[in-house]
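Structure first, commentary second.
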Amino acid sequence: MKLTFPDHFMWGSAASATQTEGASQQFGKGKNIWDRWFELEPERFHNRVGPEHTSQFYQNMKEDIPRLVATGHNSFRTSISWSRLYPEGTGDINPQAVDFYNAMIDALIENGITPIINLFHFDMPLAMQDIGGFENEQVAHHFARYAASSFRLFGDRVKYWFTFNEPIVHVEGGYLYNFHYPNRVDPQAAVRVAFNTLYASALAIEQYRAQEQDGKIGIVLNLTPSYPRSQHPADLRAAEIADLFFNRSFLDPAVKGTFPPELLTLLEKHNLMPSGLGQACAVIQRNTVDFLGVNYYHPRRVCARHSLPNPEAPFTPEYYFDNYTMPGSRINEDKNWEIYEKGLYDIALNIRDNYGNTPWMVSENGFGVKDERNRIVNGELNDDYRIQFYRDHLFWLHKGIAEGSHCFGYHVWTFIDNWSWSNAYRNRYGLISLDLQTGSRLVKKSGHWFKALHDNNGFDY
Ligand code: BGP
């Protein structure tokens, strides 16, 4: 069966500034929270590899961009590093950053690749974190100024923008579960950070529209469908609440401009509602997205809690459910993530039916593998497992599109194996394998397969 995708479908991959650029404290860049955390606790990074040791896109950009063409890209998402453009987060612009991003955008376009530019991928400038990060509403305004400058500098050529990548992740990591700096467990702060992030996103969208640039702006959300263990009312309720906290908390305000009333009720019940939100809510309501990016790696399965929660413990959404491993599920053991391709179809229909069929793209989907360099034989890396993963997800995506969901692109994570936060190079995801010692690049079998996928705008399934 030949699966063909809509005309002008966007094929490509996603990456981010801090994960690829290297030169993390050179060429005028200010520190961000990753530079700081690595200085403080290098042992929390896999093999003690920090943000300086990335694929060095800053220096290799001119050679790497043709590799995008060789691996089937007609579009590519990366981010601007806020602390490279504004070393202090606000104040003066770093002219070297302007030169670098101009050269990158121009080179992408010269190679026939549509640039999709994101403004924030977990990388808060340290100077902004030092004044409270998104706990401080002022930082939302600084973000909007940085966004407005980016539109003014690059918006003549960049026509697809994202404000944030997976904004719930810096909330979870930094303020609930301790896997990002500032490593706090503070639900009150988490809610405020989440709220001010949405406010910052809406302010940036407002700035974009004010510049009348004839492009589109959206947000990337990691929508992880919540599946109940069973149809028992308690399990169904658990799944509904997980969905409220982990998906609808950002999806509803981003697309509809409003928060799910039940989420607000739950936050009130736990005394977590921030005060003084009126004006910011109006900004969020007025500035919904033109389109969505959806990152999908794995589903979430939940069931009713087996024990009563401790009412005195710091609140986390798990107050209302237990995570659940479905017997018989297929797991990527290297990540301990379930593989469930149909999740992409369920997302497609959810957006079609409950979010006004907003245009969207798969902005990340990928398969991380440990010690993948050991699989190189005679100079080739035959990552058939990854091709299988893409094929099966694309089958379900195609079905969702055939049934009317308005998806216009599919990006994998990622282009060249890249540094991934505290996991560093633990899990390799690239279409191209990176030798950490020499920096040399090797196109994996999936990279060649992706080129054919792009050239045929589809594949035989
Ligand atoms: C996504 C992030 C990416 C990337 C990816 C893989 O959620 O947007 O930045 O890191 O996950 O992550 P890991 O290497 O930790 O498996």
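The values are calculated or read from the model by the stated rules, or taken from the named source; none is laboratory data. Not measured: the values here are computed from a predicted model. Quick reminder, even Gly has a Cβ in these numbers, built from the backbone with ideal geometry, and neighbours come from all protein chains shown. Accessible surface is based on the protein model in full, side chains and every heavy atom, while ligands, DNA and RNA are left aside. Shrake-Rupley method; radii C 1.70, N 1.55, O 1.52, S 1.80 Å.
Key figures
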quantity: Projected label distance in nm at THR265 and ASN423, using a 7 Å step from Cα toward the beta-carbon; calculated: 3.7
quantity: FRET E, pair ASP290, ASP392, Förster distance 25 Å, beta-carbon r, rounded to 0.05; calculated: 0.25
quantity: Extension gain, GLU312 back to MET326 (0.36 nm per residue minus Cα-Cα distance, nm); calculated: 2.0 nm
quantity: Estimated vicinal HN-Hα couplings, Hz - segment 99-106 in sequence order (Karplus 6.51, -1.76, 1.60; Gly, Pro = x); calculated: 4, 4, 5, 4, 5, 5, 5, 5
quantity: Karplus-derived 3J(HN,Hα), 6.51/-1.76/1.60, for each residue of segment 258-266, Hz, glycine and proline x; calculated: 9, 8, x, x, 5, 5, 5, 4, 5
quantity: Pair GLU333, ASN354: separation of 7 Å Cα→Cβ label points (nm); calculated: 3.5
quantity: Accessible-area ranking of TYR199, TYR345, largest first, probe 1.4 Å; calculated: TYR345, TYR199
quantity: Too-long pairs where the Cα-Cα distance tops 20 Å, listed order kept, from LYS2/LYS451; LYS370/LYS445; LYS31/LYS335; LYS31/LYS159; LYS159/LYS444; LYS2/LYS444; calculated: LYS31/LYS335; LYS31/LYS159; LYS159/LYS444; LYS2/LYS444
quantity: Virtual spin-label span in nm between LYS62 and ASP106, 7 Å along Cα→Cβ; calculated: 1.2
quantity: Accessible surface of the chain, 1.4 Å probe, proportion on carbon and sulfur as whole %; calculated: 49
quantity: Sequence-distant residues sharing a close amide H with PHE45 (under 5 Å, placed H); calculated: none
quantity: Rounded FRET efficiency, nearest 0.05, which uses the C-beta distance separating ASP435 from ALA402 and R0 of 51 Å; calculated: 0.80
quantity: Cross-link partners of LYS269 among aspartates and glutamates (Cα-Cα below 14 Å; sequence separation of 8 or more within a chain); calculated: GLU312
quantity: Charged-residue dipole, Cβ positions (Lys, Arg, Asp, Glu), segment 2-460 about Cα centre, Debye nearest 20; calculated: 460
quantity: Amide H within-cut-off set for LYS444, under 5 Å, with H built and near neighbours excluded; calculated: ILE432, SER433
quantity: Overall form of segment 387-434 per C-alpha gyration tensor (a/c, 1.5; a/b vs b/c); calculated: prolate
quantity: Linear extension gain, LYS370 paired with ILE93, 0.36 nm per residue minus alpha-carbon span; calculated: 95.8 nm
quantity: Prolate/oblate/rounded call for segment 196-315, Cα gyration tensor, a/c under 1.5 rounded; calculated: oblate
quantity: Probe 1.4 Å, all protein chains present, accessible-area order of CYS281, CYS407, largest first; calculated: CYS281, CYS407
quantity: Length gained when the stretch GLN25-TYR177 is fully extended (0.36 nm per residue, less Cα-Cα span); calculated: 51.9 nm
quantity: For segment 2-460, accessible area per residue (1.4 Å probe, heavy atoms of protein chains only), Å²; calculated: 38
quantity: TRP337 long-range amide H proximity, modeled H, under 5 Å; calculated: ASN332
quantity: Integer Hz, Karplus 6.51/-1.76/1.60 couplings in order for segment 316-329, x for Gly and Pro; calculated: 9, x, 5, 3, 10, 7, 10, 6, 9, 9, 6, x, x, 6
quantity: Global form of the chain, assessed from the alpha-carbon gyration tensor, a/c cut-off 1.5; calculated: rounded
